[in-house]
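One structure is given here, and the rest of the page talks about it.
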Amino acid sequence: MRIPLREKIGYALGDAAAGGITWKVMSIAFPLFFTNVFGLTIADTATLMLIARMFDVVTDPLMGSLADRTQSRWGTYRPWLIFGAVPLGLIFALLLYTPDFGPVGKRIWAYSLYLMMMVAYTAVNVPYGSLLGVMTDDDNEKNQFSSFRMVGAYAMGFVTLLSFPYLQKMVGGTPQHQYAVLGAFFGILATAGTLACGLLTKERLKPVRAEKFSLKPFGDLFRNKPWIYLTLIGIGMNFFNSFRYAVAGYMFEYCLHGDITLSGLIINYTVFMTFGELTCMVFGGVSPVFTKWVGSKRKAFNIAVIISGVASLGYFFIPMSPSYIWLMIVVVVITSIGVGLFSPLLWSMYADVADYATEKNGTSSTGLIFSSGTMAQKFGTAISGSLVALFLGIAGFMSGTDPATGETIITITDEQSVRNMIWALFSIAPAIITVIMIVLLHLYPIKK
C-alpha cells in the first residue's frame with residue numbers, strides 16, 4: 001500500500017520539532033549556555049548531564065513498555081504526541097530562561113528543569129519512533145518514512161541554527177534575555193510540529209500486545225543480539241554527532257576568537273553547523289536510493305561511516321585560524337555527507353530488529369525496541385556533553401557564578417591547552433568513534 005505524501009510530511013514534522021529544534025539546541029547550545037550564560041560551573045554542567053543520563057536509562061525503556069500497552073481512540077503511540085506537545089515546548093522554554101538566583105538557586109533550577117525536559121522528550125519521542133513500526137509493513141515505505149524523518153530533522157535544524165545569531169541580534173539585550181526569548185519562540189514551534197505529527201499520521205497495524213505488564217520483554221532485549229549491537233552502534237553514532245555539536249560553540253569562542261563576518265554573513269557556531277545540517281538534509285533524502293544502489297542497509301551504513309570518520313580526522317590538520325574557515329566548512333560538509341546517509345538507516349534497522357523480536361517472542365515490543373534508539377540518542381548527547389565539560393576542565397577551563405553579583409565568571413588557566421583540547425574533541429574524538437562503529441557493524445547479525 002502506498003502511503004500519502006501528506007502523512008510522510010506529517011511524520012517528518014515530528015522530528016523537525018524534536019530533533020531539529022529541541023534536541024539540536026540542547027546539543028549545540030546547552031553546554032556553552034550553561035557555562036557562559038546561565039552561570040553553572042563546568043563541574044555542575046558535567047554532573048547535570050551525567051545524572052540526566054542515568055535517569056534516562058530507567059525512563060526510556062519504561063516509556064517504551066508503557067507506550068506498547070496504550071489503548072485509546074487515537075491509537076497506541078499517537079496520543080503521546082498529541083498530549084505531550086505542550087509540556088515539551090513549555091519546559092524547553094523555561095530551561096533557556098536564566099532566573100535571578102544565586103549559585104544554589106540556579107543549580108536547583110537547571111537540574112530540575114533539565115530532568116523534566118528529559119521526561120517530556122522521552123514521553124514524546126519514544127512513541128514517535130515507535131510509530132514507524134505500525135504505520136506500514138512495507139520495507140520500502142519504512143525506508144521512505146525514515147528518510148522523511150531525517151530530512152525533517154535536518155531541514156529544521158538548518159533553519160534553527162542558521163537563524164539563531166540573527167534572531168539574537170534582532171531580540172537584543174543581554175545574552176540571558178536573548179536565550180529566554182528564543183526559548184519561548186522555538187518552544188512554540190516545537191509544540192506545533194509535535195501536535196501536527198500526532199494529528200496527521202495513521203496507525204495501520206495493530207501491535208501484538210502482551211496481556212499484562214511483565215519484566216520478560218526487558219529480559220528478551222538482552223537476549224536479542226541484533227538489538228544489542230544496533231543499540232551500541234546508535235550510541236556510537238550519537239557520540240560522533242554530539243562531540244562535534246557540544247564543542248562547536250567553544251571552538252568559535254576560544255579557537256577562532258568569536259564570530260566571523262564574510263560579505264555580510266555572520267558565521268558563528270550555529271551557522272557553521274548549518275552547512276552540515278543542509279548537507280545531512282540532502283543526503284538523508286538520497287539515503288534510500290544510495291542503499292538500494294549499494295545493495296544492503298548494512299553495507300551502505302558502513303560506507304557512510306567511513307566517509308564521516310576520514311573527513312573528521314582530516315579536520316584536525318586544518319590550521320586553527322579564521323582565515324581557513326571555508327576549508328573548515330568544506331570538511332564539515334564532507335563529514336555530513338556520511339552522517340546524512342547513515343542517520344536514516346539506523347531507524348529503519350531498528351524496525352528490522354522490532355520485526356525480528358516480534359517473530360522470535362510472539363508479542364510486539366516495538367515501543368521498547370525504539371525506546372532504546374531514543375535512549376542511545378540522549379545517552380550519546382549528554383555523556384559526550386559531560387565529557388566535553390570534563391576534558392575542558394582538565395585542560396584549564398573554569399566557569400561559575402559570582403555569589404555577590406550573580407554574574408558569570410570564566411577563568412582559563414592554560415589557553416593553548418584549552419584550544420588544543422577543543423580542536424581534538426571536534427575532530428579526533430569523533431574519528432575514533434567511527435572505528436568502533438565499524439567493528440560493531442561487522443558483528444551486527446541482520447544482513448538486510
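The values are calculated or read from the model by the stated rules, or taken from the named source; none is laboratory data. Note that the coordinates shown come from a computational prediction; the quantities given were computed from them, not determined experimentally. Backbone-built Cβ (ideal geometry, glycine too); neighbour counts: all protein chains shown. With ligands, DNA and RNA removed, areas are computed over all heavy atoms of the protein, side chains included. Shrake-Rupley method; radii C 1.70, N 1.55, O 1.52, S 1.80 Å.
Brief remarks on what is shown
- Computed over the chain with a Gaussian network model linking Cα atoms closer than 10 Å, the most mobile of ARG223, ARG69, ARG298 is ARG223.
- Amide hydrogen neighbours beyond the local backbone of ILE267, cut-off 5 Å, H modeled: ILE260, THR261, LEU262
- Dividing the convex hull volume of the alpha-carbon atoms in segment 266-350 by its residue count gives 89 Å³ per residue.
- Charge dipole (debye, nearest 20) of the chain; +1 at Cβ of Lys and Arg, -1 at Cβ of Asp and Glu: 1360
- Residues with amide H under 5 Å from that of GLY400, placed H, sequence gap 5 or more: ILE409
- R0 of 56 Å, Cβ-Cβ distance ARG223-VAL289: FRET efficiency to nearest 0.05: 0.95
- Packing-based ranking, highest mean first, of 260-271, 20-31 given that Cβ atoms within 10 Å are counted: 20-31, 260-271
- Model label sites at MET54 and ALA192, defined 7 Å from Cα along the beta-carbon direction, differ in position by 4.0 nm.
- At an R0 of 22 angstrom, the distance between the Cβ atoms of PHE316 and SER263 translates into a FRET efficiency of 0.20.
- Comparing LEU205, LEU230, LEU346 in a Gaussian network model of the chain (Cα springs below 10 Å), the most mobile by mean-square fluctuation is LEU205.
- Per-residue ³J(HN,Hα) for segment 435-448, Karplus 6.51 cos²θ - 1.76 cosθ + 1.60, θ = phi - 60°, Hz, x for Gly and Pro: 4, 4, 4, 5, 5, 5, 5, 5, 8, 5, x, 7, 8, 4
- Gaussian network model of the chain, springs between alpha carbon atoms under 10 Å - residue of MET63, MET135, MET170 with greatest fluctuation: MET170
- Projected label points at THR413 and ILE325, each 7 Å from Cα along the beta carbon direction, are separated by 3.3 nanometres.
- When each of LYS8/LYS299; LYS24/LYS106; LYS142/LYS292; LYS225/LYS447; LYS206/LYS448 is checked by Cα-Cα distance, pairs over 19 Å: LYS8/LYS299; LYS24/LYS106; LYS206/LYS448
- Stretched out straight at 0.36 nm per residue, the stretch from ASN36 to SER72 would grow longer than its current Cα-Cα span by 8.5 nm.
- Extent along principal axes [Cα atoms of segment 1-138; Å; largest to smallest]: 57, 28, 22
- With all protein chains in place and a 1.4 Å probe, the accessible surface of the chain carries 69 percent carbon and sulfur.
- Against the rule of thumb 2.2 N^0.38 Å, how large the Cα Rg of segment 393-448 comes out: 1.91
- For segment 95-170: rounded, prolate or oblate by the Cα gyration tensor [a/c cutoff 1.5]: oblate
- Accessible area per residue, Å², segment 1-132 with all protein chains present, probe 1.4 Å: 34
- Binned Cα-Cα distances of segment 220-333, short to long, each 5 Å bin given as a whole percent: 2, 9, 16, 21, 17, 12, 10, 7, 4, 2, 1, 0
- Sequence-distant contacts, meaning Cα pairs under 8 Å at least 6 residues apart, place the relative contact order of the chain at 30 percent.
- The Cα center of segment 36-86 and the Cα center of segment 161-185 differ in position by 26 Å.
- If the segment from ARG2 to TYR111 were pulled out straight at 0.36 nm per residue, it would be longer than the present Cα-Cα gap by 34.7 nm.
- Fully extending the segment from ILE428 to LEU443 would add 3.0 nm, taking 0.36 nm per residue of separation and subtracting the current Cα-Cα distance.
- Taking each DSSP H run with n ≥ 4 as -39500 (n - 2.57) and averaging over every residue of the chain yields -26000 deg cm²/dmol at 222 nm.
- Its residue count N sets the reference 2.2 N^0.38 Å, and the alpha-carbon radius of gyration of segment 1-76 equals 1.56 times that reference.
- Hz values of 3J(HN,Hα) by residue in segment 425-433 - Karplus curve (6.51, -1.76, 1.60), Gly and Pro given as x: 5, 7, 10, 5, 4, x, 5, 4, 4
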